[in-house]
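Okay, structure first, notes after.
A short reminder: the numbers here are calculations on the coordinates, not readings from a lab. What you see is a predicted model, and the numbers here were worked out from it, not measured in a lab. Here the Cβ positions follow ideal geometry from the backbone for every residue, glycine too, while neighbour counts run over all protein chains shown.
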Amino acid sequence: MGFPLWVIVTHFLNIFLMLLLARSGLEVLSAFPKLYRTDDCPPGHEWLRLTGTVFTADSRRRWSSLQEEDAWPSLVALPGHKNLGLGRHWHFMSVQFWILNGLVYLGFVFASGYWHYLLPTSWSIFPEAIRDVGTYLHFRLAPELPGQPFNAAQKLAYFFVIFILAPTQILTGAAMSPAVIARFPWFTRLFGGKQGARSLHFLGLVAFALFVLVHTVMVIIHGVPTEFAAMVLGSYGANHTLGLAIGLLGIALLLAFHVVITWFSLRYRRATQHLLGFCVNPFERAISRAFRSRQHLGEQDVSPYFRVNGFPPPDESYAEMARHRFAGYRLAVAGLVERPTSLSLADLRALGVQEQVTKHNCIQGWTAVARWGGVPVATLIERVRPTPEARWAVFYAMDDKGLTEGEGRYGYFYEVLPIELLAHPQSILALDMNGAPLPVEHGAPVRLRVETQLGFKMVKWVTAIEFVADFHDIGMGQGGWREDQQFYAASAGI
Ligand SMILES: Nc1nc2c(c(=O)[nH]1)N[C@H]1C(S)=C(S)[C@@H](COP(=O)(O)O)O[C@H]1N2
Ligand SMILES: [Mo]
């Protein structure tokens, strides 16, 4: 027996895509190399920590969650060296093709009757599989099931990987999306919350890696030339030398491809962001706009510790304003609006304050829950009346990142959001956090909350809002400071 052509092709594409997924997934993990049991992510209480740097809740020095990011080498991470934005792009691009490849494979499996070889039909497969493992441990080859290409242990392993592990990996992946968490909180709860899903997603990678290891060892035990002939040419009787040559060439091409894309991604980061964006942005934009946040978490869900990302504005004028409890603060709202305005904190409060207990999702991977109070952006929109050309709102902040963070980046923080998203019921200009005025580190006196999005969209220390028709002439034109400087995607629903 051997393998039909569709198995050969989908098997090769699977190796190709899984390697992309594993490396880019590790890049994402490197941005927050810690795993937690609960969505509070209490610093110092991770169940797995893959980094030497430890920050604790009672640390006397101020720290920002971006400092928890690690630089992993390109040998394990795609592209490596602290490129979370690009790693995510590679991951979300690859996963679409991986799912497509999986569906094509399953289509053939069921259409061709091949499923007989993959779906166990009797409980006796378990003792048989254990006996097969025993046979291997005695350095002998386990026999195939009668009339089938696989032995019982093999069949069980393939069944587990194809019908349990792969779908679970897709579901735990989806459960981490902030848009999904905001719209279908129950779905993410099935996996023990975002951190449960994140932990399971990582354990899924470990399970895949173990499978690949054993699978490869089996190929070696059964004889590389024979197995390659079957895997590449479709038959155990095919020319061994030819099978081996084509197989090794395939592996070499695959590795060469990885070397090239890693180099390209590091060398041409903006081009990589744009090229992969063609595949990723439409998908991300669609779920960001379709899902509205419906979170009503309880007071008991509020996290005891809420991380900070981004240091407060360091200048004296901000400190002075903070000392006077922001009495002199004004929020300017202008651009393509019929009634430009400037509002004090009292004016803002007078527009009506709404409360919501919601989960914050930082792009790095941490979560925390707080009760936010603030003015619905919809109310503000009604008041200033954007003109028909206005499509986006730019939120300008008071922190110059060149002064607060450095790392070769510069400029005042800002983010652009589509007006549609800002009109959603849980999009607010927050003034309060957990029943008190916003603390300085969390964005005093005004910060944005758009609950279906990743944290980086929720600008803190907001000083002005501008309605625009197009954002390509703002900053570097990518739709926000993190998009400009860290190559994140401009839609942030995943
Ligand atoms: N002005 C400004 N807003 C910002 C940031 C920043 O650096 N500057 N960081 C963003 C990121 S990446 C996150 S995760 C959240 C963190 O909010 P928190 O500090 O209140 O937890 O703020 C967002 N808003
Ligand atoms: Mo973030």
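The table below lists the values:
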item	result
log₁₀ of I(q)/I(0) at q = 0.11, 0.21, 0.23 Å⁻¹ - segment 239-351, Debye sum with one point per alpha carbon	-0.88, -1.14, -1.17
Cα gyration tensor of segment 5-287 - equivalent ellipsoid semi-axes, whole Å, descending	37, 23, 19
Within the chain, percent of DSSP bridges classed antiparallel, to nearest 5	90 percent
Angle in degrees between helix 269-290 and the longest Cα principal axis of the chain, rounded to the nearest 10	80 degrees
M433 long-range amide H proximity, modeled H, under 5 Å	G373, L438
Charge sum, other residues only, whose C-beta stays under 12 Å from D132's C-beta, Lys/Arg counted +1 and Asp/Glu -1	+1
Shape call, segment 296-486: gyration tensor on alpha carbons, a/c limit 1.5	rounded
Most to least packed among 125-135, 445-455 [average Cβ atoms within 10 Å]	445-455, 125-135
Entries of K82/K457; K34/K460; K155/K194 with Cα pairs more than 29 Å apart	K155/K194
Shape category assigned to segment 152-193 from the gyration tensor of Cα positions, a/c cut at 1.5	prolate
Relative packing of peptides 341-350, 425-434 - highest average C-beta neighbours within 10 Å first	425-434, 341-350
Residues V219 and T121, FRET efficiency given R0 of 35 Å [Cβ-Cβ distance, rounded to 0.05]	0.85
Dimensionless Rg over Rh [segment 301-413; C-alpha; Kirkwood]	0.99
Potential extension, L145-H324 segment - 0.36 nm per residue separation minus Cα distance	56.5 nm
Net length gained if the chain between R339 and I261 were fully extended (0.36 nm per residue, minus Cα distance)	23.2 nm
Whole-Å distance, taken between Cα centres, linking segment 174-249 and segment 388-417	40 Å
Degrees, to the nearest 10: 5-30 long Cα axis against longest axis of the chain	40 degrees
Vicinal HN-Hα couplings computed from phi for segment 378-390 (Karplus, 6.51 cos²θ - 1.76 cosθ + 1.60; Hz; Gly/Pro x)	4, 4, 5, 4, 4, 6, 8, 6, x, 6, x, 6, 5
Segment 1-79-segment 312-387 distance, computed between alpha-carbon centres (Å)	34 Å
Integer Hz, Karplus 6.51/-1.76/1.60 couplings in order for segment 196-209, x for Gly and Pro	x, 4, 5, 5, 5, 4, 5, 5, x, 4, 4, 5, 4, 5
Equivalent ellipsoid dimensions for the chain as semi-axes, Å, which come from the Cα gyration tensor, largest first	50, 23, 21
Segment 68-171, Rg to Rh (Cα coordinates; Rh as Kirkwood inverse mean 1/r)	1.14
Loop-resident sites, segment 268-322, for trypsin sites (Lys or Arg not before Pro), counting at most 11 other Cβ within 10 Å (DSSP)	none
Descending principal axes extents, segment 131-281, alpha-carbon based, whole Å	53, 40, 24
Rounded tilt (10° steps) of 240-267 against the dominant C-alpha axis of the chain	10 degrees
